[in-house]
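The values are calculated or read from the model by the stated rules, or taken from the named source; none is laboratory data. Please read these numbers as outputs of a predicted model, since none were measured by experiment. For neighbour counting, all protein chains shown are included, and Cβ atoms are generated from backbone atoms with ideal geometry for every residue, glycine included. The area values use the complete protein model at the heavy-atom level, side chains included, leaving out ligands, DNA and RNA. Shrake-Rupley method; radii C 1.70, N 1.55, O 1.52, S 1.80 Å.
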Amino acid sequence: CSAPNRGPRARCSPVSVGPALPAHGARSVLPRSAKKGRSQQDPRARWLKAAILLLFLCAAAGGGLVVWSRVRTQDGIPEGGIPADGVTEVLAHRSDTLQDKFVEVPCSEDYESHRRFAGCTPRKCGRGVTDAVITREEAERIRRIAERGLSLGGSDGGASILDLHSGALSLGKHFVNLYRYFGDKIQDIFTEEDFALYRDVRQRIQQRIAQVFGISSSALYLTKPTFFSRMNSTGAKTTHDEYWHPHVDKVTYGSFDYTSLLYLSDYSKDFGGGRFVFMDADSNKTVEPRAGRVSFFTSGSENLHRVERVQWGTRFAITISFSCDPQHGIGDPGVTGHHP
Ligand SMILES: O=C(O)CCC(=O)C(=O)O
Ligand SMILES: [Fe+2]
């Protein structure tokens, strides 16, 4: 399993359900040469034949189920759906307009193995969803920035990223540096207004996280990677395209203490599949993306999660992440001084 999952429940091994298929079904019990015409058959032979046929049909149906379940499952998780054996609750429906939903969960020990920063390192852990911090219009403007930037490149597979901080942009099976590649022409692509909006949105999300977790906003540092993502149903061409693996952000990215996701498109309108799933021991909790929705959570393994594979359409989002460690802080991108 290539998933960066060090969480409590690895879900990477394919499972198959349904009865096992006998090696050759039941057909070989009666040799062809032993077949008789109907009228000649003794009744016991007819019964035996009927029983064998029934057995064969059951075996074939069972085999079909195994094959079907193999096609349907990846990493032990049905494609675009819910673990076959799990209970799923919806934490945030697309049609809900949430003010400040918050669910507290006990903190994992992940933070113990890192330097602690008083007044910032999570003591209270959990997850929140709000539609009241960023408007739909702002999300649409941000989405246009993402579309413009990503139109300059794009992965051959189903996941493309654009990091305005480092300049990383997916291109084919690799990444290029946008700022190096386009030089001063970048000013024709992104305006100062775009960067101002990005900054403003980032600040408001940061303030909301600080307020909900009872810390000072100035104790949080924007950290990398902070990036736009564009996902669709194209098959993966490299592991960078495999966005659906369960993972823990603190393990995957190291510097993250608080993760936020700003969604820029709507589940079931712009794309199918692609829901965000918190994977708890007792059940899964989904967040259905909607433009302007901010989902935020502490980055340790108390918040193991994954994204369902996108089934159709295109899903846009931004991952905006914060660290308590000033040494991991990065500045906002801008027309001037955005080079790493
Ligand atoms: O886009 C999402 O909903 C989640 C992305 C994610 O898990 C990540 O960037 O670490
Ligand atoms: Fe993540």
Only one residue in Thr319, Thr286, Thr252 is touching a residue at least 24 places away in the same chain (Cβ under 8 Å), assigned to a strand (DSSP E or B) and either over 16 Å from Arg94 (Cβ atoms) or within 13 Å of ligand 2 (Cβ to nearest atom) (or both). Which one? Thr319
Listed by first then second residue, the pairs whose first member lies in segment 297-316 and is outside the structural domain of Asp282 (by TED's automatic domain parsing), whose partner is modelled with pLDDT of 95 or more, with beta carbons under 7 Å and at least 6 positions apart or on separate chains, are none
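For every residue, the table says whether it meets (1) at negative phi; (2) open to solvent by 20 Å² or more (accessible area, probe 1.4 Å); (3) in a loop (DSSP other than H, G, I, E, B).
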{"site": "Gln99", "(1), (2), (3)": "yes, yes, yes"}
{"site": "Ser108", "(1), (2), (3)": "yes, yes, yes"}
{"site": "Arg115", "(1), (2), (3)": "yes, yes, yes"}
{"site": "Gly126", "(1), (2), (3)": "no, no, no"}
{"site": "Ile134", "(1), (2), (3)": "yes, no, yes"}
{"site": "Glu137", "(1), (2), (3)": "yes, yes, no"}
{"site": "Arg148", "(1), (2), (3)": "yes, yes, no"}
Would it be correct to say that Asp200 is under 14 Å from Ile320 (Cβ atoms) and either at pLDDT below 95 or assigned to a helix (DSSP H, G or I) (or both)? yes
Residues that are surrounded by 16 or more Cβ atoms within 10 Å (Cβ to Cβ) and assigned to a loop (DSSP other than H, G, I, E, B), drawn from segment 172-197: Phe190
Looking at Ser160, Ser155, can you tell me which residue is within 19 Å of the chain's Cα centre (by Cα), under 26 Å from Ala196 (Cβ atoms), of a type outside the set (A, V, I, L, M) and buried (at least 16 other Cβ atoms within 10 Å of the Cβ)? Ser160
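Just a yes or no: is a residue in segment 267-280 under 30 Å from Ala118 (Cβ atoms) and either within 12 Å of ligand 1 (Cβ to nearest atom) or modelled with pLDDT under 95 (or both)?
Yes: one or more hits.
Taking the condition closer than 26 Å to Arg141 by Cβ and within 13 Å of ligand 1 (Cβ to nearest atom), does Tyr253 pass?
On the way: closer than 26 Å to Arg141 by Cβ: no; within 13 Å of ligand 1 (Cβ to nearest atom): yes.
The answer is no for Tyr253.
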